[in-house]
Amino acid sequence: MAKVSVLNVSVLENPSPFHSPFQFEISFECSEALADDLEWKIIYVGSAESEEFDQILDSVLVGPVPAGRHMFVFQADAPNASLIPETDAVGVTVVLITCTYHGQEFIRVGYYVNNEYTNPELRENPPLKPDFSQLQRNILASNPRVTRFHINWDSTTDKLEDIENQDPVLSLGLPLSCPPTKGLDLPDCAPSIIPENSMDCI
Amino acid sequence: MKLLKPTWVNHNGKPIFSVDIHPDGTKFATGGQGQDSGKVVIWNMAPVLKEEDEKNENIPKMLCQMDNHLACVNCVRWSNSGMYLASGGDDKLIMVWKRATYIGPSTVFGSSSKLANVEQWRCVSILRSHSGDVMDVAWSPHDAWLASCSVDNTVVIWNAVKFPEILATLRGHSGLVKGLTWDPVGKYIASQADDRSLKVWRTMDWQLETSITKPFDECGGTTHVLRLSWSPDGHYLVSAHAMNNSGPTAQIIERDGWKTNMDFVGHRKAVTVVKFNPKIFKKKQKNGSSTKPSCPYCCCAVGSKDRSLSVWLTCLKRPLVVIHELFDKSIMDISWTLNGLGILVCSMDGSVAFLDFSQDELGDPLSEEEKSHIHQSTYGKSLAVMTEAQLPTTIIENPEMLKYQQRQQQQLGHKNAATREAGSNPKVASMVNGESLEDIRKNLLKKQVETRTADGRRRITPLCIAQLDTGVNATSAAAVPPTSSSSVLTTPSKIEPMKAFDSRFTERSKATSGTGPATITNVNQTAVDRLKEQNLVKETKVKDILESSSDSDEKIPISKSSSLPKRKLDLEGEIVEKKKKGRPRKDTRLLPVALSMQSPAALTADKDALCVSAPALALKLPTPAPQKSFALQVSSDPSLYIEVENDVTAVGGLKLSRLKCTREGKEWETVLTSRILTAAGSCDVVCAPCEKRTLSVFFSWGRGLLPPFFWHSPVSMFHCKGPYIMALISAATLFVWDVHKQVVVIKDESLQTILSGSDMTVSQILLTQHGIPVMNLSDGKAYCFNPSLSTWNLVSDKQDSLAQCADYRNSLPSQEAMLCSGPLAIIQGRTSNSGRQATRLFSVPHLVQQETTLAYLESQMAAALTLQSSHEYRHWLLIYARYLVNEGFEYRLRELCKDLLGPVHHSTGSQWESTVVGLRKRELLKELLPVIGQNLRFQRLFTEYQEQLDILKDK
């Protein structure tokens, strides 16, 4: 079972100018003390069309995490405007908050973000080259889309042969999860690296 | 009979494999398949029972859902106390759930539905042992054990008092084990498996009692579950799927000789589940009919793959009722309400049905008292505990008693109200360290601790807003409403890109794993092409991407290297600390010394160094050999260390030994002429026995106290406590001195009396605060020497059969109270032998057990008294009194009270002492009275002593 469940994410300072930092207040609950830190990331999707415009705004380690309920504020700088395709600057995009443990992502919270000009004139006649300083960012905070993944929370030192879904970098020194074979000899591990997308969203 | 199918009880169309009604009848649990995980749901019972409650929207139907199981849940079972819920599933796990009362209702973050979890059930234990799907779980009567069975062909018995301890793994089945049932008196557990056998196991030694195969010979095919059941009177065990003349049956197995002569016939397909009604019934007496007493009978529900349910009474030849086509698919589980009048049935088709019977149909249920009477008369032992609930008709004669009982109820009420309040209004508790959560949130960004790791990464220490299971600083962050925001998605032209985003919400880790040059090493063949593209992009990206994201490059190896050494350091720190302390901090008041045992190799006495050989004696204890140097911590509060260095070469070739003592940071040291063998100290004195059979004694601040002591043989073991010094010398005699008073307490007392065996050794010695020496011998016995009686007293014996037979667990105030610290606890060890006790529980006739328990408790009190351990004396006295109250020993209880009260009026000839081991007896009696008041049967005793105490108070 998941050792960490996210209880709530509040979007702070929203709406705000495009260049102001993102602020999320995240509260989560941990059922057993974690041996290692959690890693949280904010990813800004620059363009819906391609992943290549994704920007990791920031990543932060959170720890130590004893059992209990915890909260923290995750602040990250605004995306680098120069990396955003001009055609995608105005309009709806997405910001993602992900959390990984031992390099395995177990939750992804997505929000729609609308960037638009506050000035009605600009809204009517948007400049060809987007003027980011005039843009306002509005995160649709009331409608988070949460995806949870089953991961292996125990750093069992079982050997791994079959790591097809795993980033090999992660598995260099960190034996993470068990082979997805339904072997009878590994009672401790859940078949965790088969991507089991549990959709809890609307 | 009424039949109802509450359609709202469902797992969204997914199969429901198990159902169980909570013992208090207010809720029930279902288990089965969830969306892509296993699912356990707790439902409110009221809307099932009452139509108006079903219609009332303010009454919640679903109380809690847990989708923590990774795969389908095959079984859910409430403990008999109702405190815990156990669930087992295809993920090979058993989870034990407990209600967390302090957290208010909360929604699952991100889920749009308004379905809040009204109750919070938290997984308190995950039991891992099975290597295959867990098919059935069962709590033993009295909740001492939890059994689980699995497709790995085993049954595992868990210690329910101490999860996840495994008491036994029952092996013997050669097929998937699919059902379990406990004998209602706790002597057996039965399991049924696909290997065409039903096995009965003894709980005494967890060995196989019998294996029944004949009725199952013809069984072919597989049923998903084989849930068998034991009748509440213990006489019959009824199996699931059995065959008789190629017809499916439920086989009745008699406890007496495990005979298989009868069966329930009539189902057209295999029987999946049998469930006995928890009540025993007797015929309803009708007006005018003959009043001859009828035999009590049981009632049993049988569910089958043929989708029908039959209900049988053991006094009738035909079923009481058969309901055909109750479901679209096989019946999977059945649960009776505790009052025996309702049953819930669940099916693979994902629905449940509720049947409501009347007493006219089933008969008059016997009361719990009558039921326990049947058990007692049949098996000589009942599990039922005497509680006030069983004496509802007793009239309360005394206003004091009434007041007391009312107070108790009020307290209970308050407690309930408090939990209710906490449950209904989480804001009440939204405080952390006296600061409201709101205030904290306002300043969280400023206040939160942010550090940089060695590699420059940001690391935030999260603010803990609630600890789990403490129930004190409870908050509910989830209840904080998310900040409202206006909807921005108004223009229809924007719908197009949103679809493209949708995949991004759920796609896993692509954005994360795709960053950084690290991905170049990805060997995933199918992705190579794509990766090449990506890497091209990345190279450009890495150059001009934001600062913050650039340090995510190579983040994994770095974070690892930074966290690992840190942990290692911690570990080292711990070891160092441990070394320093030497032994656990807890027992600093009483430090049992086993120095000489620590180095058995060094025990052989260095004969050359001995000036005189010990007098020829039958007994000779090992003596410690001189070590080059050693250090030990005497106590941690005040901190006192002793360091010894032998053979420090001094001027002129003289060899001296140095004794260094650190007390609360201040040091003193001294030199001795002979080598120091061991050292010991207390807050008052520091002693160092030396090679030449001398003993040097110092005040703990360094001044020499006395000229060296001199003995006839070398010292073997040595211990100090307060002003007392205890020395065991190799000639097997014992000395105890009081250095303050400068008197000998025990002089040259021979151990010959207790060290009778040839190879017996002293394993541990210690002194109580009152200077009473205690020694543990290698055979598990412990003796103390009573100076006033000049005798050795046996205070503890590990092999004592009394200790193993005694069962006083019902009389323990609470689980924690078992851990009472003191000299007695140290001697006897804290190993909880409750498991061993429990296994003996059912093999001993009740009367014998009562006697052994009494004898055991009395000997414990006596031992505590001898050791002058007032704290432990009080502990055992209270247990003793509670046991007397529970089991109804009025005579002994009266004796006890009489002694504690003493003469109310002064008389000169009275021998009565008003205190016992420093405790005022009458204060003890005051503590006992509430205990006595718990059993209405003793209300007169209660009144009597209450009044006399009042008289004394007035005086």
Enumeration of residues in the stretch B:210-246 that are among the charged types (D, E, K, R) and crowded, with 17+ Cβ neighbours inside 10 Å: B:ARG227, B:ASP233
Residue pairs meeting the criteria (Cβ under 7 Å; at least 6 apart or on separate chains; first of a type in the set (Asp, Glu), in the stretch A:109-129; second surrounded by 10 or more Cβ atoms within 10 Å (Cβ to Cβ)): A:GLU116/A:VAL90; A:GLU116/A:ARG123; A:GLU116/A:LEU135; A:GLU116/A:GLN136
Subset tally (residues that are closer than 14 Å to B:LYS898 by Cα, part of a helix (DSSP H, G or I) and not acidic (Asp, Glu)) for the stretch B:911-939: 8
Within the stretch A:40-70, tally of residues that are of a type outside the set (Ser, Thr, Tyr), within 15 Å of the chain's Cα centre (by Cα), facing chain B (nearest Cβ under 7 Å) and part of a strand (DSSP E or B): 10
Filtered residues of the stretch B:22-45 (kept if open to solvent by 30 Å² or more (accessible area, probe 1.4 Å) and either within 26 Å of the chain's Cα centre (by Cα) or away from chain A (no Cβ under 14 Å) (or both)): B:PRO23, B:ASP24, B:THR26
Considering residues of the stretch B:65-84 that are more than 14 Å from chain A (Cβ to nearest Cβ) and open to solvent by less than 40 Å² (accessible area, probe 1.4 Å) only, the residue farthest from B:GLY25 (Cα to Cα): B:ASN74
Residue selected from the stretch B:120-161 under the condition farther than 24 Å from B:MET332 by Cα and among the hydroxyl-bearing types (Ser, Thr, Tyr), by the criterion farthest from the other protein chains (Cβ to nearest Cβ): B:SER125
Residue ID - nearest to the other protein chains (Cβ to nearest Cβ), chosen from residues in the stretch A:124-152 that are in contact with a strand residue (DSSP E or B) (Cβ under 7 Å, 6 or more places away or on another chain) and over 24 Å from A:ARG108 (Cα atoms): A:GLN136
Flag if B:TYR891 is assigned to a helix (DSSP H, G or I) and open to solvent by 20 Å² or more (accessible area, probe 1.4 Å): yes
Among (1) part of a strand (DSSP E or B); (2) within 7 Å of another protein chain (Cβ to nearest Cβ) - the single one A:GLU29 does not satisfy: (2)
Top-ranked residue in the stretch A:5-22 [being crowded, with 20+ Cβ neighbours inside 10 Å and under 22 Å from A:GLN104 (Cβ atoms); ranked as farthest from the other protein chains (Cβ to nearest Cβ)]: A:VAL9
Per-region count, the stretch B:92-110, residues open to solvent by 30 Å² or more (accessible area, probe 1.4 Å), facing chain A (nearest Cβ under 10 Å) and modelled with pLDDT under 60: 1
Residue count, the stretch B:771-785 (criterion: in contact (Cβ under 8 Å) with a residue 60 or more places away in the chain and surrounded by fewer than 17 Cβ atoms within 10 Å (Cβ to Cβ)): 0
The stretch A:71-88, subset among the aliphatic types (A, V, I, L, M) and not in a strand (DSSP E or B), residue nearest to the other protein chains (Cβ to nearest Cβ): A:LEU83
Hey, A:GLY91 at the interface with chain B (Cβ under 8 Å from one of its Cβ atoms) and either in contact (Cβ under 8 Å) with a residue 60 or more places away in the chain or more than 21 Å from A:VAL11 (Cβ to Cβ) (or both) or not: no
B:ARG894 being within 16 Å of B:TYR945 (Cβ to Cβ) and either of a type outside the set (Val, Ile, Thr) or free of Cβ contacts under 8 Å to residues at least 40 places away in the same chain (or both): yes
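The values are calculated or read from the model by the stated rules, or taken from the named source; none is laboratory data. In this text the structure is predicted, and so the values were computed from the model without any measurement. Positions of Cβ are backbone-derived with ideal geometry, glycine not excepted, and every protein chain shown enters the neighbour counts. Remember, those area values only see protein heavy atoms, side chains included, never the ligands or the DNA or RNA. Shrake-Rupley method; radii C 1.70, N 1.55, O 1.52, S 1.80 Å.
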